[in-house]
1. I need the shape label for the range 342-454. Rule: rounded when a/c is under 1.5, else prolate if a/b > b/c, else oblate, with a, b, c from the alpha carbon gyration tensor.
2. Quick one: order 289, 168, 213 by neighbouring beta-carbon count within 10 Å, fewest to most.
3. Taking neighbour counts of Cβ atoms within 10 Å as a proxy for exposure, in what order, fewest first, do 52, 65 appear?
4. What trypsin sites (Lys or Arg not before Pro) does the range 324-400 have in DSSP loop regions with at most 13 other beta carbons within 10 Å?
5. What residue among 328, 412, 538 has its Cα farthest toward the positive end of the dipole of the chain, where the charges are +1 on Lys, Arg and -1 on Asp, Glu, each on the Cβ?
6. If a/c stays under 1.5 just call it rounded; otherwise compare a/b with b/c (prolate if a/b is bigger, oblate if not). Do that for the range 394-448, with a ≥ b ≥ c from the square roots of the Cα gyration tensor eigenvalues.
7. Need the C-alpha centroid separation for the range 48-87 versus the range 374-407, integer Å.
8. Which whole number of Å³ per residue matches the convex hull of the alpha-carbon atoms in the chain?
Amino acid sequence: MKKKVIALFLVLAMIVASFAACGKSENGGKANEGGKADSAQGGDTSEEEFSWPVKDGKLSMWLWWSNNYIENPNELVAMQEYEKQTGVHVDYVAVPQAEAQEKFNLMIASGEYPDIIRSAESYYTGGIVQACTDGVTIELTDLVPKYMPNYMKIRNDYPAFAKDTTTDDGRLVGVYTVASDYGEVKGESVWAGLCLRKDWLDELGLQTPETIDEWHTVLKAFKDNYNCEAPLLIGAQNGYDVMGDFISAYGVLGEFYKEGNTVKYGPCEDGYRQWVQLFRDWYAEGLIDPNFISNDASMMNAAGDYIGTGRAGASCNIWGLTADVYKLQGIATDENFFLQGAPAPVLNKGDVPQIGFATSEITKETLVVTTNCKDVPLALRWLDNTFDQKNVLLKSLGIEGESVVKDDQGVYHASESLQGMVSSGERTSLSDALFSKYTLGTSDFGLYNWGNFSVLYEGNRAMEAYDYWNKGHFDLMLPACRTLTEEEQNAFNSIYTSIRTLVQENTIKFITGQKPMEEYDSFVADLHTYGIDDCIKYQQAAVDRYNAR
């Protein structure tokens, strides 16, 4: 994926053409301001002289795209309105999410980049820092203060956001989507977690479980009284524990985690062994899905078919699929069906629940400007406009009066038009209706208001799951915005693939009883032989640099 020669020629080409380039010097270099544009497109004018809309502005953007109804974001009402407001037409290179990595690799190899790339951190080996070093994208350190006042204000007002969006050596190499709740920059509410049949709990006279022992009681009662084949639906991904909820009760996670500021690897620690023993016991009792290796519940693909039909009593889900949603979709036929959220389990009452995956980060996807961009000022100003408060509603919920309406108290509700798309059977849910016609929804970028989406679940109580999931903390998790150097990343990749396979294979064998627990020490010894200590060292260095920012 890393095309060193192509990157070098790109840098040379950019220098000759006076475009922006990071270069490949040891200090990363600093980009120029980009090609000059005429005054109508902003060009090199001061911010005071610039105003929207521009005349015949044009940009291009690559992004992965997942929508069952439309092929391109330009078909959305919100993006059409945004084009009218800015005067900028964006040629979206929208690729299916399943093909995104392959398409991305081909694009990078070709050297034919659009002006802006979304989510490059997910697809470029080494992340966006390496993309800048390789000459694929430009450095923004001097450009963001000049062309992005909205973005800079958020960075200045929220030091945690500034830290997450600055490289270890103090540069800006990308623009980060920022999560907010009606203007307040804060991590999203935890939008996924454990859930279980509330109607079954009520019938059995049981309370929502909080400890591991209480979970055992509930799962056994589900099996004994409802004869469900999978009292707990788990999955073969994410450490075979949905999202690390049960593992975290033992003070570890399924992969790398931290104790204070010290990086550790879960499978090497006794806590992981204790969790394996727990699931081994539960598997033998029939409390865990016997087909968990093939039922990928961690991606929530199997949850509807199982938990919505009584084949399972507990699982992981997103808040949009809790409460009575499966009943509204016709999957659950039990009139009393109700799927309630539950906090991550703890060993003892009063312990603080931990969460094994990040859903509450301030930063979300990145947007980078490539060295092929011919009007960098326009690209940055257009991106900056997505951080303007006045555009938040448009991007998330669409146009007031069309997709949403506001009551006398200033609260937004789904419009009759949006509701009509569901009641007529044209769409299966309000979110389905909104995202298929009006907005980018959760694919939004810029200033992202997750609080807006409560509109879509008004009346079915799905949002109640937040009350349980938000009890979890993130103390065990490594900083999401840490970065490994190119050398560290290459060395890490060469070692960790084999280690991960070793862990997956052995974890399954221990849980299912194919391997005796007496061999666990030998398994840990193999991890050290395979080089896990070097992997820990690389992750520790990245965490140390992040903490020093």
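Taken together, the values in this text are just the output of simple stated rules run on the coordinates, not laboratory data. Nothing here was measured: the structure is a model prediction, and the numbers come from that model. Note: ideal-geometry Cβ built from the backbone for every residue, glycine included; neighbour counts use all protein chains shown.
1. Because a/c hits 1.5 or more and a/b fails to exceed b/c, the range 342-454 counts as oblate.
2. Ascending Cβ contact count within 10 Å gives the list 213, 168, 289.
3. Details: 52 14, 65 20.
Ranking 52, 65 by Cβ neighbours within 10 Å, fewest first, gives 52, 65.
4. Taking the range 324-400 and a limit of 13 other Cβ atoms within 10 Å, the loop trypsin sites (Lys or Arg not before Pro) found are 349.
5. The listed residue farthest towards the positive side: 538.
6. oblate
7. 10
8. Values: hull volume 84.4 nm³, N = 549.
Taking only Cα atoms, the chain has a hull volume of 154 Å³ per residue.
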